[in-house]
Amino acid sequence: MNSVFSKKLPIPYALGFILFTAILTYAVTSFVNKKEENKILELSETNNSCSYKVERLDGYPLVKPLLFVDDLCEGDALATVKQELSTIIQKYKNYQGVTSASVYLKDFSHNEWTAFNEEEKYEPGSLFKVPILIAYLKMNEEHPGVLDRELLFNQSFNIDKVVAFKSKSIQLGKSYKVRDLLQYMIGYSDNNATALLNNNLKPEVLQKLFKDLELEVPNVSAKQYFFTVKQYSLFMRAIYNASYLTIDDSEFAAELLSKCEFNEGIRKGIPTSVKIAHKFGESGTPIEKQLHESAIVYLDDKPYLLTIMTKGKDNTSLSKLIGEISSVVFRNQSNKS
């Protein structure tokens, strides 16, 4: 019995059969490849394809201590709170004289972060006292006894700053240990204590701190320096992670920050039963005020870092905005599983 395939087909039919076979093969191959691409994409999304940035500390011959590990993408779980913050900030810009506001939120328990208007730069004001604190503690690690050194406050400093939020200050003619001056500088935001400490600070230690955190190295004699919210948050993160100072010194720094007496911002949005370690800063001009605050919030097993920087016509509106942002973030973090 002869097979149909053994029969000779007319040339037009043969060419048509070959063309049909080629088209069918291409269609099947494309379909299979597309399914494989979709599988790869789904797997990539499931495994979170966003890469990480790892920062390590240089300067040691055999080790490179870990400073930070950051997901380069914002956390999806924080998208809702970011949208809510955007709405609040726009409301204050429309009706409360706020000209700009930026927020950085770091969820330590999930290692997630989000930021709003993160490219805007601000003058830190008294926020700069935190890197000074870290620099002094680093000096003490390298030369034990620095914190117990006594400094005499024997002349007034020409401090060209008008501050709205005042607290305690050191007294002219008295001597203070460095550790006590750090308390005045951080807890009471005393500019006289800060000036006295600055006069005895090794600038190379402060500059190395900035270099280690991959920030622009400051000119210590410059009158202005600028941060974004994300850049400034590195100092608070370094303290919380105990990744730059020893664990004991990091604990000491956080304890000083927990005694900050400023209650007109982030603290407004958080129950008094919840401990925070924070620092605020004032800056700007008579025409445009700047008010900022950065805080580690010890919310049970869901601690987080919140940094807020603002510009506007008056400190009252700016402090209210900071408080409202804090309240929204606290509620969101409290409800997270």
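Scan around Trp113 for amide H atoms under 5 Å from its own, H built in the peptide plane at 1.01 Å from N, and keep only partners 5 or more places away or cross-chain.
Answer set, sorted by chain and number: Gly75, Asp107.
How many nm is it between the label spots at Lys202 and Glu74, if each spot is 7 Å from the Cα in line with the beta carbon?
4.1 nm
Which residues' amide hydrogens lie under 5 Å from the amide hydrogen of Thr99, considering only partners 5 or more residues apart or on another chain, with H built in the peptide plane?
Result for Thr99 returns Lys311, Gly312, Lys313.
By how many nm would the segment from Thr272 to Ser156 grow when fully extended, if each residue of separation counts as 0.36 nm and the alpha-carbon distance is taken off?
Here the answer is 38.1 nm.
Pull up all non-local amide H partners of Leu151: gap of 5 or more, or a different chain, and H-to-H distance under 5 Å with H placed in the peptide plane.
Tyr176, Lys177, Val178
Tabulate in residue order the Karplus-calculated ³J(HN,Hα) for the stretch 58-64, using 6.51 cos²θ - 1.76 cosθ + 1.60 with θ = phi - 60°, rounded to whole Hz; enter x for Gly and Pro.
Each residue of the stretch 58-64 in turn: 8, x, 10, x, 10, 10, 9 Hz.
Could you work out how far apart the two model spin labels at Lys93 and Glu214 are, taking each label as a point 7 Å from the Cα in the direction of the beta carbon, and quote it in nm?
The two pseudo-label positions are separated by 2.8 nm.
Could you report the accessible area of Thr87 in Å², rounded to 10, computed with a 1.4 Å probe on the protein chains as they sit in the structure?
80 Å²
Ignoring everything but the protein chains, give the 1.4 Å probe accessible area of Lys336 in square angstrom, nearest 10.
We get 30 Å² for Lys336.
The values are calculated or read from the model by the stated rules, or taken from the named source; none is laboratory data. Model, not experiment: these values are computed from the prediction. All Cβ positions, even for glycine, are placed from backbone atoms using ideal geometry, and neighbour counts span all protein chains on display. Note: areas computed on protein heavy atoms with side chains; ligands, DNA, RNA excluded. Shrake-Rupley method; radii C 1.70, N 1.55, O 1.52, S 1.80 Å.
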